Amino acid sequence: MDLRRILEYVAKGVITVDEALKEVRLFALEQIENSIRFDIGRELRRDVPEIIFGEGKSVEELLKLVTAVTPKIGRVIVSRLRKDHVEVLKNLGAEGFSVEVNERGRIAVIRVRNYEKPVYNCKVGVVTAGTADIGVAEEARTIVEEMGCRTIALYDVGIAGFQRVLEAVKTLKKEDVDVVIVVAGMEGALPSVIAALLDIPVIGVPTSVGYGAGGGGMAALYSMLQACPLGLAVVNIDNGVNAGIVAGLIGRRIAFYKQR
């Protein structure tokens with residue numbers, strides 16, 4: 001149960017103050033054996049989904065963490081999944097959890113059955129330069145949607161075929177998106193071009209797609225950091241999670257002002 005729901009239940013008389021206090025105290029440190037100490041109060045403090053970094057965790061560690069934490073906070077997201085992680089998480093559906101896996105984005109959302117995802121009046125564009133960038137974009141898109149915003153996905157619209165960029169920009173304007181995530185590898189030019197054509201925040205995500213000196217995403221990262229258009233922010237290489245969080249926070253703040 002999240003804090004908002006606890007407060008709503010107290011206001012409606014569904015639970016007593018003492019019962020609410022007991023629930024609130026659950027938002028503390030969850031220790032799982034001696035290898036994991038999980039701060040289950042982070043979503044309460046920051047109002048962003050709780051995200052577990054799957055890479056480097058054994059199947060057993062991940063399973064213990066997900067099954068221990070999800071019932072207490074209602075939902076967790078697991079990023080950077082391996083194939084063996086995916087199979088185990090899918091099986092949680094038979095244990096009373098709701099499981100959605102985005103295999104291309106290597107990300108999964110695990111919820112308790114009665115969890116209600118928030119919905120806000122915000123819209124985020126998610127754009128990639130090439131098909132090789134889609135995995136990172138799907139990671140970001142999953143995060144944005146879990147934060148309650150709609151997404152408009154436009155993939156493979158890189159500057160190698162500039163007419164594709166113009167069509168994408170037209171679509172983003174027509175859809176009246178609030179913020180755009182642009183994912184690109186190689187020389188990483190697409191976020192700069194899109195930022196020059198739009199009047200909304202653009203978040204650039206360099207990917208580790210490329211050859212030689214530019215391989216590993218460094219060329220794309222440097223290009224985005226040196227971009228001339230103002231209004232372009234840049235996250236770390238392949239970091240779709242952080243791009244999604246920032247876009248979601250911007251979108252939700254805009255939604256708040258739309259309803260005033």
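The values are calculated or read from the model by the stated rules, or taken from the named source; none is laboratory data. Since the model is a prediction, treat every value here as computed from it, not as a measurement. When we count neighbours, we look across all protein chains shown, and the Cβ atoms used for this are built from the backbone with ideal geometry, even at glycine.
Some points to look at:
- Within the stretch 48-72, if we keep just the residues that are touching a residue at least 40 places away in the same chain (Cβ under 8 Å) and under 14 Å from Glu146 (Cα atoms), the residue that is surrounded by the fewest Cβ atoms within 10 Å (Cβ to Cβ) turns out to be Val48.
- Filtered residue count, the stretch 160-190, keeping only those that are charged (D, E, K, R) and without any contact (Cβ under 8 Å) to a residue 12 or more places away in the chain: 4
- The condition (being outside the structural domain of Val59 (by TED's automatic domain parsing), in contact with an Asp or Glu (Cβ under 6 Å, 6 or more places away or on another chain) and within 30 Å of Tyr257 (Cβ to Cβ)) is satisfied by just one residue among Val157, Val127, Val136, Val177: Val136.
- Residues (within 22 Å of Gly105 (Cβ to Cβ) and in contact (Cβ under 8 Å) with a residue 24 or more places away in the chain) located in the stretch 207-222: Thr207, Ser208, Val209, Gly210, Gly217, Ala220, Leu221
- Spans of strands (runs of 3 or more DSSP E) in the stretch 81-159 with at least 1 residues free of Cβ contacts under 8 Å to residues at least 40 places away in the same chain and aromatic (Phe, Trp, Tyr): 97-102
- Helices (runs of 4 or more DSSP H) contained entirely in the stretch 181-260, each with at least 1 residues that are within 19 Å of Glu139 (Cβ to Cβ), in contact with a Phe, Trp or Tyr (Cβ under 9 Å, 6 or more places away or on another chain) and not assigned by TED's automatic domain parsing to the domain that holds Gly54: 240-258
- Within the stretch 117-163, being touching a Ser or Thr at 6+ places or on another chain (Cβ under 8 Å), surrounded by 19 or more Cβ atoms within 10 Å (Cβ to Cβ) and of a type in the set (Gly, Ala, Ser) holds for Gly125, Ala137, Gly158.
- For the stretch 1-56, taking the residues that are more than 15 Å from Gly74 (Cα to Cα) and of a type in the set (Asp, Glu), the one that is modelled with the highest pLDDT is identified as Glu55.
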